[in-house]
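Note sheet for the following structure.
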Amino acid sequence: MIYITLILCFMCSILLTPFVKKLAFKIGATDKPNQRKVHQKIMPRLGGLAIYLSFIIGMLVLRPGGDYTLPIIVGSMIIVITGILDDMMELSAKVKFIAQIAAAAVVVIWGGIDVDFINVPFGGKIEFGYLSVPLTIIWIVGITNAINLIDGLDGLAAGVSSIALITISGMAVIMGDGFVTAIASIVLASTLGFLIYNFHPAKIFMGDTGALFLGYMISVLSLLGFKNVTIISFIVPIIILGVPISDTFFAILRRIVNKKPLSAPDKSHLHHCLLRSGFTHRQTVLIIYAMAAFFGLAAIIFSQAKLLGGSLFIVLLLIMIELFAEMIGLVGKNYRPLIKFMRVILVTTVRNR
């Protein structure tokens, strides 16, 4: 039944997207080019609605059991309505933030999807107590916005989200979690159908409707799959979402270094830096796809690692991320602390010889 449902979601997304495209032009949900945008013409940006409708169809057909189903649907509805309104009239950051908190609160408070504790090595556990609810809401809102931030090139957010969903559903299969497997697969099939129209050159953008929905679902599914477990398992979803999380982290760092407000828009995200390095639009998207796949594979390897091996793996991964960020100028052309440190070590070593 699940395979038939996934094919149905995929086909529904393909069939619905052209109708959503016409609707976007009709209601004014379009994206006009400006100095921050890469595209050169007015584009419809309501594509996420096709993903969401396909997802709802899949949920109605498959009807995955569980106490979380209704809260997830209601929360996602809030986030999608917010995205639609933003695609139409560009809501203020404050309004969007409040709506995101409301959507997160639905699944956390009503659905009970919160991280209460983490088991630590050598026995014992860290209890979050009253902080469990706000910390979980922060996670959901943070990942939701992280996916939204990378939605800057044709097919980028849809592709990266698909790779994250493949990893989450694959690990859910390994862990025997049928509920997470089913929902992640439905979202994946719906996204892949839309990606046919969204890959470069895109015929439609997913807009905030799609980016917020995908970010919301990925954040919730990652919590469901890895909550209340060991530190190693708790880090797994962070690795899976390595691309959007690291891009968001360096965006914050970049604004701090340049003394700009955290909400200030710029043109120095990961995809912008790769484009400036000389890669084409399609090459840039494929490179980031490869990075997302690398993080997905790294998450699987890390999940099977012992404590010491896992710790060394994380350190190596962080060094690689920092080096890559400095090489492409993700924070700034002059921000190269690790590269400078390595040069000093190299020069010192050569002189000592």
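The values are calculated or read from the model by the stated rules, or taken from the named source; none is laboratory data. Please read all numbers here as calculations on a predicted model, not as lab measurements. Every residue, glycine as well, gets a Cβ built from its backbone with ideal geometry; the counts of neighbours run over all protein chains shown. Areas reflect the complete protein model, heavy atoms only, side chains present, ligands, DNA and RNA absent. Shrake-Rupley method; radii C 1.70, N 1.55, O 1.52, S 1.80 Å.
Assorted remarks:
- Rounded FRET efficiency, nearest 0.05, which uses the C-beta distance separating residue 319 from residue 95 and R0 of 35 Å: 0.30
- For the set 213, 19, the ranking by accessible area, highest first and with no ligand, DNA or RNA atoms included, is 19, 213 under a 1.4 Å probe.
- Counting only whole DSSP H helices of the chain, the ones at least 15 Å long by C-alpha along their axis and with mean Kyte-Doolittle hydropathy no lower than -1.0 are 2-27, 48-62, 69-89, 93-105, 132-149, 156-175, 178-198, 207-226, 242-257, 281-303, 307-328, 337-352.
- The residue among 73, 286, 235 whose Cα reaches farthest toward the positive pole of the charge dipole of the chain, with charges on the beta-carbon of Lys, Arg, Asp and Glu, is 286.
- When the helices of the chain are scored as -39500 (n - 2.57) per DSSP H run of n ≥ 4 and the total is divided over every residue, the value at 222 nm lands at -23500 deg cm²/dmol.
- Taking 187, 173, 115 in turn, the Gaussian network model of the chain (Cα-Cα springs below 10 Å) assigns the largest fluctuation to 173.
- Three-way shape call for the stretch 40-165 based on the alpha-carbon gyration tensor, with the a/c threshold at 1.5: prolate
- Residues in the stretch 58-184 average 44 Å² of solvent-accessible surface per residue, probe 1.4 Å, ligands and nucleic acids excluded.
- Once both labels are positioned 7 Å from their Cα atoms along Cα-to-Cβ, the gap between residue 300 and residue 276 label points is 3.5 nm.
- GNM on the chain, alpha-carbon springs under 10 angstrom: the most fluctuating residue among 89, 342, 11 is 342.
- Structure remark: mean-square fluctuation, Gaussian network model of the chain, C-alpha springs under 10 Å; the largest value among 310, 48, 159 belongs to 310.
- For residue 126, the residues whose amide H sits under 5 Å from its own are 118, 119, 120, ignoring neighbours fewer than 5 places away on the same chain, with H placed 1.01 Å from N.
- Within the set (1) 58, 43, 36; (2) 69, 54, 36; (3) 103, 81, 38, the number that Cα extents along the principal axes in Å takes when calculated for this structure is listed as (2).
- Set 96/203; 96/340; 94/333 screened for pairs whose C-alpha atoms are more than 30 Å apart: 96/340; 94/333
- Protein accessible area in the chain, 1.4 Å probe - carbon and sulfur %: 71
- Legend: residues 143, 300, 42, sorted from most to least accessible area (1.4 Å probe; ligands, DNA and RNA excluded), read 42, 300, 143.
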